[in-house]
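The values are calculated or read from the model by the stated rules, or taken from the named source; none is laboratory data. All of these numbers come straight from a predicted model, not from anything done at the bench. Virtual Cβ from ideal backbone geometry, glycine too; neighbours counted across all protein chains shown. Calculation scope for accessible area: heavy atoms of the full protein, side chains included, ligands and nucleic acids excluded. Shrake-Rupley method; radii C 1.70, N 1.55, O 1.52, S 1.80 Å.
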Amino acid sequence: MSWKDLVRRVDPYVPGEQPTEQHIIKLNTNENPYPPAPGVQEILRDMDAGQLRLYPDPAAGLLTEKLAAEYRVKKEQVFVGVGSDDVLAMSFLTFFNGSAPLLFPDVSYSFYEVWAECFRIPYRKIPLTEDWRIDPKDYETENGGIVFPNPNAPTGIALPIGDIRKILDANRDVVVIVDEAYVDFGAESALPLLAEYDNLLIVQTFSKSRSMAGIRIGFAIGNEELIRCLSDVRYSFNSYTMNRPSILAGTAALEDRTYFEKTVGKIINTRDSVRDELEEMGFVCLDSSTNFLFVTHPDIPAAELFRILRGKGIYVRYFALPRIDNYLRITIGTAKQMQVLLDTLRLILREKS
Ligand SMILES: *Cc1c(COP(=O)(O)O)cnc(C)c1O
């Protein structure tokens, strides 16, 4: 017997590259190209570092209350964490403690499988339909819980709220998590369903639509009892997950709705015009309700295009996984960055033909 027999072994999630060189056009991890709301900069500049000697509020009350007001729910219905990855991991640990399999789509956010493996949760992946959609009928089978992103990632396709309702109707006795990391870019949130379904947990993040991936804020909204269970597990793990600067910065971000709507609007416009231009070049693009496009080209393998772009300082995301290994996921950057991408793609395709 050795300590090696006692180790919890996992194949970790592999995040996209974070290059340190300057001048890279970084379209590989779905960050927002615009800075956070100006009030975030102000609050961080004015912050009194002397306060850091004290532990933060374990309930992150300021941020929790602001979120509750923003989404018109009670503060007892809100849970905050260190990015939605933290919120999702805590939710897996809390709600998926049975012996029937957790269900999630294949293709989807690959972290779900990593958490299931890490926490020893039995699971089953449900293939997307031929046209990359989640079919609610496929979720009418015995299970110990359900999780899916809406819009889905990395496909970018949104599920209509009627279909979410179908999934919930067929699964009243397990927790259903809707991961709304990209919902602000054009999908319908499941928030209006909360009043009817006490087993629904909605998870969102400040990383994408609020331009704050670097500060790590995510949150869940659900009925009070779900949130209490989640908090109990979290307090049994780490009582002070939210640090003082992020509580302040997150609260400041929520105060500026105009800025939020303006930057999200710019990204949606850029996405739609980039999509048109890509299609003119022969790319096939899946419908996107997110801040990225999932694309393939009939004349050049995605893996090759990924390498050529990388060599030219443009980073996009490539997944060497079944079914999607001929696709690239391209984050929507500024209009200027996207123009460089489009010009570069035109050159590459011309050289190829
Ligand atoms: C980006 C992303 C997350 C995690 O984001 P955080 O930065 O941890 O908040 C969760 N789910 C999906 C589908 C994502 O794309």
Among residues of the stretch 315-336, those that are among the hydroxyl-bearing types (Ser, Thr, Tyr), open to solvent by 20 Å² or more (accessible area, probe 1.4 Å) and part of a strand (DSSP E or B), counted: 1
Applying the selection to the stretch 50-85, what residues are within 16 Å of the ligand (Cβ to nearest atom) and either in a helix (DSSP H, G or I) or exposed (fewer than 14 other Cβ atoms within 10 Å of the Cβ) (or both)? Leu63, Leu67, Gly83, Ser84, Asp85
Members of the stretch 265-282 found to be buried (at least 20 other Cβ atoms within 10 Å of the Cβ) and over 12 Å from Gln339 (Cα atoms), listed by number: Ile267
Only one of Gly144, Gly156 is surrounded by 17 or more Cβ atoms within 10 Å (Cβ to Cβ), among the small types (Gly, Ala, Ser) and more than 16 Å from the ligand (Cβ to nearest atom), namely Gly144
Within the stretch 130-144, can one find any residue that is touching a Gly at 6+ places or on another chain (Cβ under 8 Å) and farther than 25 Å from Cys285 by Cβ? yes
Show the residue pairs meeting these rules: Cβ distance below 8 Å; 6+ apart or different chains; first residue within the stretch 69-88 and within 9 Å of Arg216 (Cβ to Cβ); second residue assigned to a helix (DSSP H, G or I) and away from the ligand (no atom under 13 Å from the Cβ). Gly81/Arg234
Condition first: polar (S, T, N, Q) and open to solvent by 10 Å² or more (accessible area, probe 1.4 Å). Now tell me which residues in the stretch 287-314 satisfy that. Ser288, Ser289, Thr296
Sole miss for Gly186 among (1) more than 18 Å from Glu65 (Cβ to Cβ); (2) more than 16 Å from the ligand (Cβ to nearest atom); (3) not aliphatic (A, V, I, L, M) is condition (2)
Give the residue that is nearest to Leu328 (Cα to Cα), with candidates limited to residues of the stretch 117-145 that are part of a loop (DSSP other than H, G, I, E, B) and aromatic (Phe, Trp, Tyr). Trp132
Given the conditions (1) within 13 Å of Val80 (Cα to Cα); (2) of a type in the set (Val, Ile, Thr); (3) assigned by TED's automatic domain parsing to the domain that holds Gln18, report the number of the one that Ile268 does not fulfil. (1)
Quick one: Tyr109 ticks every box in (1) within 30 Å of Thr155 (Cβ to Cβ); (2) assigned to a helix (DSSP H, G or I) except a single one, so which number is it? (2)
Looking at the stretch 174-193, is at least one residue polar (S, T, N, Q) and open to solvent by less than 20 Å² (accessible area, probe 1.4 Å)? no
I'm checking my understanding of the structure. Among residues of the stretch 22-32 that are touching a residue at least 40 places away in the same chain (Cβ under 8 Å) and more than 15 Å from the ligand (Cβ to nearest atom), which one is nearest to Lys262 (Cα to Cα)? Ile25
Is one or more of the residues making up the stretch 212-227 open to solvent by 20 Å² or more (accessible area, probe 1.4 Å), more than 14 Å from the ligand (Cβ to nearest atom) and within 28 Å of Asp256 (Cβ to Cβ)? no
